[in-house]
Amino acid sequence: MMALIQKEIRNNVGIITLDNPKKLNTLSEEMVNDIIKALDEFSAKRLPVVVLKATDGVKVWSAGHDVKELPRKMRDPLSYYDSLERVLRAVEQYLGPVIAVVHGSVWGGACDLTMTCDMVIADDTASFAMTPAKMGVPYNLTGILHFMNRLPLNIAKEMFFTASPLLAKRAQELGIINHLVPEKELLDFTLDIAKTIMSRSQLSVEVIKEQFRILSKAFPISPADFERVQGLRRKVYDSHDYEEAITAFLEKRPPHFNGQ
Ligand code: YXS
């Protein structure tokens, strides 16, 4: 069985490399399970920093959720135990910073994954597209909150409403990217930042990361509002438009939305 990711430890930094380029590093259940397993192994070794990257030179860092694994209809495509949701929580809950190193384009759930990482270091080939509106998917509250925590509302809305890729320079101006560096310097630059982090008190870094996680989720919503959101989202994933978007993608044709 081909490994979908590569794992290595360099100077006490855990490095996970997405390595399924022929499938554009789609976040399939299998790849997600491999990523989570690697994070668990690194956590058992108490590695203070993790880098999440793709193999060098790819055009696509990750094409996001594996569309073939999305429910065709009548089921929440992003429920709590969905593979994408599990990997997002694994990154948030990792004991220390997880740094995304991005070369190439990032799509949909993978865009949420980079937004969930603690930092993003990228080169000028990076782009970020948030695609639920293109895929007919009723994104979920925790995912939208990741973007609200990262970006001004108007920018987050533009990303969701247009589903258009946001290019590296603009991503840097907007703060999606911590540092925009030349491709050949990407990993060394990131390992340098990791070295600085590791020179600090890990007890302090870990408890600060956990506080950021708790505070970034501290968003009051009433049970009635939550249930209303779930009802609204169900109308979308039960709709013709959701089924049509998935089918059109798989049939390689543009979707015909009719608002039903
Ligand atoms: O023709 P074959 O069978 O080789 O398959 C094609 C594509 O169908 C397939 N592929 C995918 N399969 C499953 N899930 C995907 N996300 C996915 N993306 C691509 O890979 C083969 C090569 O794709 P192709 O020919 O289009 O390559 P390209 O180089 O011309 O274009 C690369 C992309 C990434 C620009 C293009 O593949 C693309 O736009 N992919 C979809 C990106 C996207 O919208 N991802 C969002 C997935 S849904 C998701 O993440 C969340 C649920 S949500 O939407 O809510 O954010």
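The values are calculated or read from the model by the stated rules, or taken from the named source; none is laboratory data. Everything numeric here is computed off the predicted structure, so don't read it as measured data. Backbone-built Cβ (ideal geometry, glycine too); neighbour counts: all protein chains shown.
Some points to look at:
- Contacts under 7 angstrom Cβ, first residue in the range 1-25 being over 16 Å from Ala194 (Cβ atoms), partner acidic (Asp, Glu) and not in a strand (DSSP E or B), 6 or more apart: Ala3/Asp19; Leu4/Asp19; Leu4/Glu30; Leu4/Asp34; Ile5/Asp19; Ile5/Asp34; Gln6/Asp19
- Selection status of Gly136, touching a residue at least 12 places away in the same chain (Cβ under 8 Å), on the phi > 0 side of the Ramachandran plot and over 14 Å from the mean Cα position of the chain (by Cα): yes
- Of all the listed residues (Pro138, Pro182), the sole one being at pLDDT 95 or above and exposed (fewer than 14 other Cβ atoms within 10 Å of the Cβ) is Pro182.
- Inter-residue pairs, beta-carbon under 6 Å, first in contact (Cβ under 8 Å) with a residue 24 or more places away in the chain and in the range 26-54, second among the polar types (S, T, N, Q) and assigned to a strand (DSSP E or B), 6+ apart: Lys53/Thr17
- Single residue of the range 107-124 satisfying the filter (more than 9 Å from the ligand (Cβ to nearest atom) and among the hydrophobic types (A, V, I, L, M, F, W, C)) that is surrounded by the fewest Cβ atoms within 10 Å (Cβ to Cβ): Met119
- Residue among Phe147, Phe161, Phe128 that alone is among the aromatic types (Phe, Trp, Tyr) and touching a residue at least 40 places away in the same chain (Cβ under 8 Å): Phe128
- Counted residues, the range 3-54 - those being more than 16 Å from the ligand (Cβ to nearest atom) and either more than 29 Å from Gln202 (Cα to Cα) or aromatic (Phe, Trp, Tyr) (or both): 2
- Meets criteria (closer than 21 Å to Leu187 by Cα and touching a residue at least 12 places away in the same chain (Cβ under 8 Å)) for Leu70: no
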